[in-house]
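The structure appears below as structure tokens.
Taken together, the values in this text are just the output of simple stated rules run on the coordinates, not laboratory data. Nothing here was measured: the structure is a model prediction, and the numbers come from that model. When we count neighbours, we look across all protein chains shown, and the Cβ atoms used for this are built from the backbone with ideal geometry, even at glycine.
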Amino acid sequence: MSAPGFTNTDSSAGYSPNSTSNGGSAPPCQNGPLLPHPSMYPPAGYYGAPPPQQSYPGYAASAPSKASLTSSGRGHTYYQNSHRQQQQQQQTQLPQQHVAPSPYTAPPPRQPYATVPSSAPPPSNAQYSQQPFPQQHQTLYANPGSYYGQPSYGASPARHPGLVSPPAGSPGAPVYPNVSYPSAPASGQYGALSSSKSVSGPGVLSTQMGAPLHQFSAPPGYGVAAEHQTVNGKGSTVQNNTHHHQHYDQSPQAPHGYNSYSGGTQSSRGGADGEPPPSGTPSASVHSSPGHHAGLQYGYVANSGASSASATTSAAAPSASSTDDDDEEEEEDEDEEAGGDTSSSSTGSASPVPNNYDSLEGGSYPDSMPPSNNMTNQAPPFGSYGYQSMQPAYPHAPAPHPDASPSHNVYGQPGYQQYSQPFPNLSQLSAALGGLSGVPELEVEALRPVNLLQERNLLPPRPLEAPEPNLSPDLKKVNCSPQTFRCTLTSIPQTQALLNKARLPLGLLLHPFRDLQQLPVITSNTIVRCRSCRTYINPFVTFLDQRRWKCNLCYRVNDVPDEFMYNPVTRSYGEPHKRPEVQNSTVEFIASSDYMLRPPQPAVYLFVLDVSHNAVEAGYLKYFCESLLENLDKLPGDARTRVGFLTFDSTVHFYNLQEGLSQPQMLVVSDIDDVFIPTHDSLMVNLKESKELVKELLSSLPAMFSHSRETHSALGPALQAAFKLMSPTGGRVSVFQTQLPTLGAGKLQSREDPNQRSSTKGVQHLGPATDFYKKLALDCSGQQIGVDLFLLSSQYADLASLACVSKYSAGSVFYYPSFHCVHNPAQLEKFQRDLDRYLTRKIGFEAVMRIRCTKGLSIHTFHGNFFVRSTDLLSLANVNPDSAFAVQMSIEDSLADSSLACFQAALLYTSSKGKRRIRVHTLCLPVVSQLSDVYAGADVQAITCLLANMAIDRSISSSLSDARDALVNAVMDFVSAYKSSVSNLQQSGVVVPAAMRLFPLYILALLKQKALRTGTSTRLDERTFAMCEFKTQPLPQLMRMLHPDLYRLDNMSDQGALHLNDTVVPQPHLLHLSAERLSRDGAFLMDCGNVFYLWISKCCSETFIRDVLGCSDYASIPPNMSRVPELQTPLSERVRAFLDWLQDNRAFSSPIHLVKDDASAKATLFQHLVEDRSDSASSYHEFLQHIQQQMPK
Amino acid sequence: MAFTFAAFCYMLALLLTAALIFFAIWHIIAFDELKTDYKNPIDQCNTLNPLVLPEYLIHVFFCVMFLCAAEWLTLFLNLPLLAYHVWRYVSRPVMSCPGLYDPTTIMNADILAYCQKEGWCKLAFYLLSFFYYLYGMIYVLVSS
């Protein structure tokens, strides 16, 4: 198989229902990865006896210098690293086995366990199945028929004497150890490094210089012009005899973490008392580790105190009886609504998750214990950003939700008794309620016929939200967030015939790795999955009785494993339907070794930099190096993180950063026809060990090439070298390219004819010119290498060909047209912002994603950046939180026998901390048999995005005009289908249901996009890039790009404003994108997704100009203003609060461009006014008339 | 009854069509495997692509033979497939190696279904033509 990292998500062989023995399961987990890969580890030094002291903490000081300069092992450092990790696993898991049998009954010296109440479950599963279960079985399930039959189960905790939850007030819920990840000792290590740097050995220099020479002349047949230079000839040597073994420190640290955590728990349990204990609130302690990647950087720490306080207050506020319900709902709401909206908070908030897991792996929490789940109890920092417009959809009424997930308050919220009551199973309910039309008035509104030619004000006051699937409230509450998982039709038609009749596409829009505020993480020996279709257990399965569940995708009846009977949240037994897997539609599992084909790879980053004359001229290198230097510590990863650098012009330059060198060595390979790796072990180096060298390289790189006269670019050979360099490990390659590749393999010719830019006939060359980049990407994908492309070109660089390298290796593409560090400050700023986000955002390695759906539905086509490995499996070498996917579906068999259709996306990936994880999203939608129901549930935004993806495929495979025609036809088909479906419709004109009233507008906007427009001058690269964006951007971002949000800023009122923390965020109304809405006396903000335009009209009020812009009058506004000054006026504060709020909702922060009425930049703004007629495209009204004329009578 | 060139052509075509039938069956099986997730599309394309040109060339070869033998009806029957092959190969995706199938698009449901349908149609065509050649051979042998 060409994809070694792909693991057997689906192989039933790997599935071991490991329900009986607990302690025994640890060794296979630990040895599993090693066994199948003996060849990956060179015998020398790895399996060969390691120094005995290596398995113990504290040997660091005595460890010998491990990396000799001439070490020859291929991938030497990698294996050392993974070896260390294995050692660590062994070491940390051993104590677990000892501790495991007796954590509760006989408290070991570790204090935290002693606090566990006596009602806690017994230690082994064997005991569970013998004692408590029959007891419960009688009490709970004596009468299963009535149990499941009744829809409402009032609170009757008294019915279950056997299920006493932990007493309120005692630290009942599992107290999770929380060990800050190993970076804390690292500072000490660096201290040692820098001090030893003063021990300079001038004599070493010669050997240093000599060694690469030898290596270099080794392949004589290549005819290499072997030259290498030492960059700065200082000649000092860093003796690396300090390894860092922070891993090993974890177990000694663990009790501290444990204590601090329980401290935090108590504080949060203390109601409104949000004051952090000395060791910090849970969140604070999580983030206190400096090495923890994203938390610090996004200022999450600053927020976390407030967030924990807000969590507690929200819990304390409601009445006593419903405290828990409310709290959970609050959190769930935040999960669904606020979750992942903002890059700034979410990356940070996602970070507690790995930390928890690390602490688990770190050994304080025995693996062999009954399944534990592990969740973050953090209210998101921006939790009070309530998204008011969505709130009605998620009612806060606590009463009718016995199924409110208890999983969110893990940390010992009192009163779990409430949840130990039996509750009617969701899916049982759903069977009864799912297909019913529960919200008739909403449906009526969605179906109200709208004559578009008459009704002019179509836009809702606030940006459109995803429509609610017509489900029972219980299902609605646990359903997957529309930001993660969205379907074009929230009511799935029963048959393909009905779907065809509706003339709407059926598909999913997925944002699976999105930054989440809150994510239940589940560690369990057994991940419960359907035995036939391998679906993960989810909230929409049916529990037939306590021991059997029915898969909601294939309807097979499965057994509930013993382990699953225990609920770690409530610490009770016999409630499989209350486990977090069954309470949350988005969960993350910690995967066992069954899900690995090789040991989890470390985070590996390779930067491939163009240093040709063109690149130097553009001047990006300096800013890249600055940004990377700044973010070096924030790169996601752990102690195994490795980095490497590679530069190229007409030759390829490698950099030897082996620790112990005094400065980086540049190795030049000029044989680009057969590029080879000059030395294998020292080009990709451990970031921690070689940080000084990396920093030195980054600070000297810009100057090194400042006088380069080399104009050629050998991108292809550089990529080949990068592939060779990375293939042993996999990882991420970031390519920075500034011009058309002109040398070696993969060279390209300019295909753009500038005279054809505004042609209306059709655009050529949208597809790749060569399959070199595609093949390379497939090779990379097979070796788990993701390639991200930054194109900073002022000239045509054939993005259509180059982008293939990212497209099929699951990378991302960034394009900065006419980038120049001096002449184009706007692009420079954007580049810097993007880089900051890019370098620090979460990353998952060696990932695969499988999408399963209810029997009868099948996947038709995927859209996005990936390689499709089989009909429902995507291979993603890297997965990043900013890329989304679209899936076209078709209905193969009738869905008539079920009232619900479910979709499950499971993303298996290796986190940057080297942990294998599975993120599972499940979406549940009703199945309908009436066309009107299909229309009522249509999601116009999702439909537009899916059509955009389809149109782009069409324009590449067929032609642009074909794609445009298809889009117009989509509108016409829909309108005529609706007309024929509504028999009593008397109106003439273009009539659509209200749910789809924006459809023609969005399609017109789509036709005016750079990607699909004709007649307007559009550079080929910009067009291709717009197409790439359409394929990968998540839906909200895409919709803003497609149909920007226009607001009037100068007369914002506080009506409907959001109150967040202390700031008031006004919510101005959306305006139609038409010049007639831009009055001559206003100030308007246009939110285009990746850029803001602030339009100041000629007669704009003096107050606004003075208070917000800080200028005296209109004439004195500088033309290139790109930020709103921080003035202390009320108006300025409101404008900035609004802008900040908008910024928080996106991953990459967008620059603000101020546009004056008279400036030439007016054109860029006016091209976004899609309702107006432009030179080459019709206005909205004309478009509607065109549709009306073309429609069959 | 004499052994003419035309008879020889029919005999040769008979043998070659038998080979083409195997090609078509192989083709169908390969796409079925793709559809049922047994195979990696890259591997599958790597095994299928080298077979495309041989198949086309075999077909072209006995078409030329029939041309030489002046078997106009037979040639006429084969022309549509010949034209289809030419069109198919001209409109193939950008590839540097011979073949038709691109592992990045092959999993697209439309293309997969198209390829499967193509396989079945070709199998039917080859089977029918196999018997036609048998008939033609006997007819030529008997009539001359």
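Using only the Cα atoms of the stretch A:874-921, what are the Rg and Dmax in Å?
15.1, 45
In vacuum, with every alpha carbon of the stretch A:1074-1139 counted as one equal point scatterer, what does the Debye formula give for log10 I(q)/I(0) at q = 0.17, 0.18 Å⁻¹? Two decimals, please.
Cα-only, vacuum Debye calculation for the stretch A:1074-1139: -0.60, -0.67.
Along each of the three principal axes of the Cα atoms of the stretch B:5-143, give the extent in whole Å, ordering the values from largest to smallest.
The principal-axis extents, from largest down, are 52, 26, 20 Å.
Calculate the translational D of the stretch A:563-715 in whole µm² s⁻¹ from Stokes-Einstein, where the hydrodynamic radius comes from the Kirkwood formula applied to all Cα pairs, the temperature is 4 °C and the viscosity 1.567 mPa s.
Estimated via Stokes-Einstein, D reaches 69 µm²/s.
Taking 7 Å along the Cα-to-C-beta vector as the label spot, tell me the A:N500-B:F3 distance in nanometres, rounded to one decimal.
5.5
Tally Lys and Arg at +1 and Asp and Glu at -1 over the other residues with C-beta under 14 Å from the C-beta of A:C1088: what net charge comes out?
With Lys, Arg at +1 and Asp, Glu at -1, the neighbours total +2.
Listed highest first by mean packing, meaning other Cβ atoms within 10 Å per residue, what order do A:1104-1116, A:789-801 come in? Each step should come with its number before you reach the end.
Values: A:1104-1116: 16.6, A:789-801: 23.8.
By packing density, highest mean first, the sequence is A:789-801, A:1104-1116.
Sorted by packing (mean other beta-carbon atoms within 10 Å per residue), highest first, where do A:638-648, A:968-978, A:852-862, A:1174-1184 land?
Values: A:638-648: 25.6, A:968-978: 19.7, A:852-862: 21.3, A:1174-1184: 16.5.
Top of the packing list down: A:638-648, A:852-862, A:968-978, A:1174-1184.
Let me know the mean shielding of A:866-875 by other chains, meaning the per-residue number of their Cβ atoms within 10 Å of its Cβ.
On the way: counts 1, 6, 7, 7, 10, 8, 2, 2, 1, 3.
That average works out to 5.
So which lysines can A:K550 reach, going by Cα to Cα under 18 Å and dropping same-chain residues fewer than 8 places off?
A:K578, A:K855
Just to confirm a number: summing +1 for Lys and Arg and -1 for Asp and Glu over residues other than B:K39 whose beta-carbon lies under 11 angstrom from that of B:K39, what do you get?
Summing Lys and Arg as +1 and Asp and Glu as -1 gives -2.
What does the charge dipole of the stretch B:1-78 about its Cα centre add up to, to the nearest 20 debye, if the Cβ of each Lys and Arg holds +1 and the Cβ of each Asp and Glu holds -1?
Values: 2 positive and 6 negative charges, 30 e Å.
So the magnitude is around 140 debye.
Give me a comma-separated list of calculated 3J(HN,Hα) values for the stretch A:1113-1130, in order, Karplus coefficients 6.51, -1.76, 1.60 applied at θ = phi - 60°, integers in Hz, x for any Gly or Pro.
8, 4, 5, 8, 6, x, x, 9, 5, 10, 8, 8, x, 8, 9, 8, 8, x
For peptide A:1040-1048, how many partner chain Cβ atoms fall within 10 Å of a residue's Cβ, on average?
What the average comes to for A:1040-1048 is 0.
Show me the three semi-axes of the equivalent ellipsoid for the stretch A:715-872, from the C-alpha gyration tensor (sqrt of 5 times each eigenvalue), largest first, rounded to whole Å.
After scaling each eigenvalue by five and taking roots: 28, 21, 18 Å.
So how strong a dipole does the stretch B:5-143 carry about its Cα centre when Lys and Arg Cβ are +1 and Asp and Glu Cβ are -1, to the nearest 20 debye?
200
Which order, highest average first, do A:743-754, A:1012-1023 follow once you tally other Cβ atoms within 10 Å for each residue and take the mean per peptide?
Result, highest mean Cβ count within 10 Å first: A:1012-1023, A:743-754.
If you count, for every residue in A:781-794, the Cβ atoms of partner chains within 10 Å of its Cβ, what is the mean? Write down the numbers at each step before the final one.
Details: counts 2, 2, 0, 0, 0, 0, 0, 0, 0, 0, 0, 0, 0, 0.
The shielding value for this peptide is 0.
How tilted is helix B:41-68 with respect to the longest principal axis of chain B? Cα atoms for both, answer in degrees (0 to 90, nearest 10).
20
Quick check: net charge around A:L799, other residues with Cβ under 12 Å of its Cβ, Lys/Arg +1 and Asp/Glu -1?
For residues surrounding A:L799, the net value is -1.
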